[in-house]
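A short reminder: the numbers here are calculations on the coordinates, not readings from a lab. Keep in mind that this is a model prediction, so the values were computed, not measured. Don't worry about glycine lacking a Cβ; one is built from the backbone with ideal geometry, like all the others, and counts go over all protein chains shown.
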Amino acid sequence: MSLELKNIKKSYREPDGNVLPILDIEHFQVGQAEQIALVGSSGGGKTTLLNVISGITTPDSGQVFIDGVEITRLPEAGRDRFRAERIGFVFQTFNLLAAFTALENVLLGMSFSRGKADKQLAKDLLEKMGLGKRLSHRPSQLSVGEQQRVAIARSLANRPSLLLADEPTASVDPANQDTILKLIRDMCREFGVSLLLVTHAMEIAEQFDRVACLKDFNAVLQTTS
Amino acid sequence: MSLISIAFKSIRQRALASTLTAFSVALGTSLMIAVLIANTIVTRAFDLQEFGYDLVIGPKGSELELVLNTVYRMAPPIENLPWRYYEEVKADKNIAVAIPVALGDSSEIGGFPILGTVVEYFFNEYAHGKKFQIEGEWPSHKWDAVIGSHVARVNGWKVGDPFHMVHAGQADHVHKEEFTIVGILKPTGTPNDRTVFVNLNGFFAIDGHEKPIDEAIAREAEFFGETPEQVRQFHARELAQYQKEVEEYGHAHTLPMLQKEVTSILVKMKFDPKNPTLSQSRAIGFSARLKEGFKAQAVNPIRPMQRLMDKLVGNIRILLMYLTGLIILVSGVGIFVSIYNSMADRKKEIAIMRALGADRMTVFSIILAESVALCVIGGLAGIVMGHGLIMLAGPVITARSGLLIDPFIFDPQELIIIPAMIILASFVGFIPGLTAYRTDVAENLSS
């Protein structure tokens with residue numbers, strides 16, 4: 001089992017003092033190398049769920065297991081380290097660092113894990129993404145599709161066991177959406193990485209064998225036919 | 001990718017702001033370097049602990065002026081001493097060496113001070129354990145001259161070159177007599193380097209350097225507390241010889257002692273190896289005797305210079321050090337403001353790094369490294385700029401003050417600048433670093 005959530009509860013206190021429940025997940029799991037789409041309404045807690053899974057946000061209660069490690073029991077620095085080594089992140093807005101080249105952005109992702117940044121591995125990854133000739137380009141010199149491909153390479157640089165993708169195609173032009181999605185899924189398959197991909201687009205979710213729907217703060221798994 | 005290289009990326013990203021910030025640090029540091037070096041130069045130049053003589057004897061007046069004039073050749077002579085007095089001093093049983101010094105004129109080219117003296121001047125140590133070395137010969141003839149290394153460099157003079165001198169304080173009064181350079185002194189790091197030495201006999205032989213007979217008699221009478229008649233009696237033989245030569249040839253061939261004067265006398269007391277402090281006691285005793293006596297004073301050159309350093313230069317130095325310290329502090333505040341202001345724009349960048357697995361200490365360290373890098377770069381640039389400033393200003397300062405500036409001079413206190421910069425950077429980088437440390441990842445990732 002790559003990811004398992006048990007009795008996760010998360011709520012926020014609003015300025016007027018009211019408690020706003022965001023997540024209330026009894027049980028949710030993603031198998032090894034499994035690919036699941038997570039859908040839900042806007043503001044429904046999808047991003048919060050990814051933050052809870054990655055250890056960026058701590059839940060009010062409940063447990064998060066990744067590769068059998070209960071990350072909710074780890075101290076913050078431990079969660080950071082765990083995230084660096086085992087979790088890849090692809091964001092909707094790519095979140096590349098403007099001062100760094102494509103290669104450096106990938107190397108940066110490697111720098112925070114225990115192992116040393118492997119320049120050759122980073123180059124190989126970028127070449128796989130079709131960016132072999134764009135290594136020294138900065139994000140501002142890359143197209144939107146290319147930027148997202150750099151972000152995908154960065155997310156896989158540490159050979160994570162789980163990739164969290166938060167609407168990775170939302171900022172990409174329609175012509176590139178399928179390419180990006182295919183790239184993510186193919187790479188995850190190639191590296192044996194479990195994928196939890198958040199999307200609000202049903203046409204994307206429908207491409208997955210399993211879809212989790214965040215409804216009434218609870219992720220319920222559905223199997224598409 | 002190391003934290004330093006990540007910090008450098010960030011610095012490069014904000015190139016203009018970073019450059020200006022580092023430049024402000026560089027300016028502060030260069031000023032501090034300039035003050036430190038100026039301090040070293042002045043301290044070394046005015047430190048006479050190693051001076052090769054025990055006393056400087058000159059006419060009564062300001063002790064400081066006497067030393068500045070005789071040792072540093074910076075001030076005009078106060079008055080002159082009769083040659084007869086020099087002979088008396090030389091004959092004193094407690095005195096080992098007495099060197100006459102005649103000052104006042106300057107070289108026509110370069111305006112370097114002319115010092116008339118005897119060849120023994122060069123055979124005595126100019127500082128403890130340090131003797132003059134020469135390229136060429138020591139002066140032996142009346143019109144021979146030896147020049148300091150700085151004079152040779154600035155004027156481009158070589159052995160064999162002739163030169164003229166200008167009468168004291170009268171730029172348009174060039175003496176017609178011509179001296180020839182027979183030797184160039186090796187650098188000493190003292191005012192001797194920028195002095196032109198001429199044979200004292202030649203100095204006396206220059207037209208206008210002899211004191212008129214009547215004036216000389218009046219001066220000696222006043223100096224020794226005698227009547228003019230007593231003075232005439234003392235010099236009766238040489239005055240008769242002088243009169244005879246004037247009557248026979250229309251002018252005298254030899255200058256009578258009466259007409260000779262010296263500006264000051266450099267004195268070394270007799271040294272007794274069995275009682276090393278005896279020479280000091282003798283110097284103090286000699287000086288004390290002159291205080292009660294007539295028109296001369298004997299000054300231990302260390303004391304007036306020490307007073308000058310303590311009361312004036314020392315305080316100015318402390319003030320300048322405080323000022324430059326404040327400038328660096330202001331530069332530090334500049335770094336703080338620059339980094340702190342950038343934090344608002346960089347929260348997302350920090351959140352991304354945190355999402356990629358950087359812990360709070362890592363992002364804190366990146367900001368601190370950035371602050372340290374700016375301070376160190378600015379500090380190193382400042383050290384280079386400070387020395388550059390000294391190199392550029394050196395010749396001007398030398399020309400104006402007579403102080404010799406070694407462009408490669410190094411003050412050991414410079415060694416603390418970079419560690420001090422790192423400490424300063426750590427302080428100024430702490431609060432921005434703390435902002436990075438506290439950045440809310442989830443909130444800033446979605447912003």
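Scalar couplings 3J(HN,Hα) for the stretch A:148-156, obtained by applying the Karplus form with A = 6.51, B = -1.76, C = 1.60 to θ = phi - 60°, are 5, 5, 5, 4, 5, 4, 4, 5, 9 Hz; x denotes Gly and Pro. Against the main long axis of the alpha-carbon atoms of chain B, helix B:360-401 sits at an angle near 20°.
Spin-label model, B:Ile284 to B:Glu88: label points 7 Å out along the Cα-to-beta-carbon direction sit 2.5 nm apart. Ordering A:Ile56, B:Ile213 by the number of other Cβ atoms within 10 Å of each residue's own Cβ, fewest first, gives B:Ile213, A:Ile56.
Using the Cβ-Cβ distance between A:Ser140 and A:Glu85 with R0 set to 25 Å, the FRET efficiency works out to roughly 0.25.
Exposure proxy ranking for B:His128, B:His235, based on other Cβ atoms within 10 angstrom of each Cβ and starting from the fewest, stands as B:His128, B:His235. Here B:Asn201 and B:Ala171 are evaluated by their C-beta separation; at R0 = 22 Å the FRET efficiency comes out at 0.30. Between B:Lys291 and B:Phe410, the distance separating the two model label sites (each 7 Å from Cα on the Cα→Cβ line) works out to 4.4 nm. A simple rule links phi to the HN-Hα coupling: the Karplus curve 6.51 cos²θ - 1.76 cosθ + 1.60 with θ = phi - 60°, which for the stretch A:21-29 gives x, 10, 10, 8, 10, 6, 7, 8, 8 Hz, with x for Gly and Pro. Taking amide hydrogens as placed 1.01 Å from N in the peptide plane, the amide H of B:Ser107 sits under 5 Å from those of B:Phe112, B:Ile114, B:Val166, each at least 5 positions away in sequence or on another chain. Sequence-ordered 3J(HN,Hα) estimates for the stretch A:71-79 from the Karplus curve with 6.51, -1.76 and 1.60 and θ = phi - 60° stand at 6, 5, 8, 6, x, 4, 5, x, 5 Hz, glycine and proline given as x. Give me log10 I(q)/I(0) at q = 0.09 Å⁻¹ for the protein assembly as shown, Debye formula, one equal scatterer per alpha-carbon, no solvent. Relative scattering, expressed as log10 I(q)/I(0), comes to -0.81. The lysine pair count for the stretch B:51-198, using Cα distances under 26 Å and pairs eight or more places apart or on different chains, is 17.
Between the beta carbons of A:Gln120 and A:Gln63, assuming R0 = 60 Å, the FRET efficiency works out to 0.95 to the nearest 0.05. Working from label points 7 Å from Cα in the Cα-to-Cβ sense, the B:Asp214 to B:Ile316 distance is 4.5 nm.
Do the alpha carbons of any pairs in A:Lys215/B:Lys347; B:Lys268/B:Lys311; A:Lys46/B:Lys348 sit beyond 23 Å of each other, and which pairs?
Beyond 23 Å between Cα atoms: A:Lys215/B:Lys347; B:Lys268/B:Lys311.
Estimated from helices alone, the mean residue ellipticity of the protein assembly as shown at 222 nm is -15000 deg cm²/dmol (sum of -39500 (n - 2.57) over DSSP H runs with n ≥ 4, per residue).
Just add up the charged neighbours of B:Pro212: K/R +1, D/E -1, any other residue whose Cβ is under 12 Å from the Cβ of B:Pro212. The answer is -2. Put simply, the amide H of B:Thr195, placed in the peptide plane, has neighbours under 5 Å in B:Gly148, B:Val151, leaving out anything fewer than 5 places away on its chain. Just add up the charged neighbours of B:Thr439: K/R +1, D/E -1, any other residue whose Cβ is under 14 Å from the Cβ of B:Thr439. Residues close to B:Thr439 contribute a combined charge of -1.
So if I place +1 on the C-beta of Lys and Arg and -1 on the C-beta of Asp and Glu, and nothing else carries charge, what would the dipole magnitude of chain B be about its Cα centre? I want it in debye, nearest 20.
2040
Debye-formula intensities of the stretch B:55-305, expressed as log10 I(q)/I(0) at q = 0.07, 0.12, 0.15 Å⁻¹, are -0.25, -0.74, -1.13 (one equal scatterer per alpha-carbon, no solvent).
Going by Cα centres, the stretch B:160-200 and the stretch B:244-290 are how many Å apart? If we compute the Cα centre of each part, the gap is 23 Å.
Net charge around A:Ser140, counting only other residues with Cβ within less than 13 Å of its Cβ (Lys, Arg = +1; Asp, Glu = -1)? It works out to a net charge of +1. What whole-number distance in Å separates the alpha-carbon centres of the stretch B:331-374 and the stretch A:7-40? Answer, in whole Å: 32.
Legend: ranking of residues B:Ser18, A:Ser171 from fewest to most surrounding C-beta atoms inside 10 Å; resulting order A:Ser171, B:Ser18. For trypsin sites (Lys or Arg not before Pro), the sites in the stretch B:238-277 that DSSP calls loop and that have at most 11 other Cβ atoms within 10 Å are B:Lys274. Magnitude of the charge dipole for the stretch B:41-127, about its Cα centre and with charges confined to Cβ atoms of Lys, Arg (+1) and Asp, Glu (-1), is about 60 debye.
Dipole magnitude for the stretch B:55-305: computed about the Cα centre from +1 point charges on Lys and Arg Cβ and -1 point charges on Asp and Glu Cβ, it is near 1220 debye. Each Cα pair under 8 Å and six or more residues apart adds its sequence gap; the mean of these over the residue count of chain B is a relative contact order of 27 percent.
Amide H to amide H, with H built 1.01 Å from N, B:Asp161 comes under 5 Å of B:Ile181, counting only residues 5 or more places away or on other chains.
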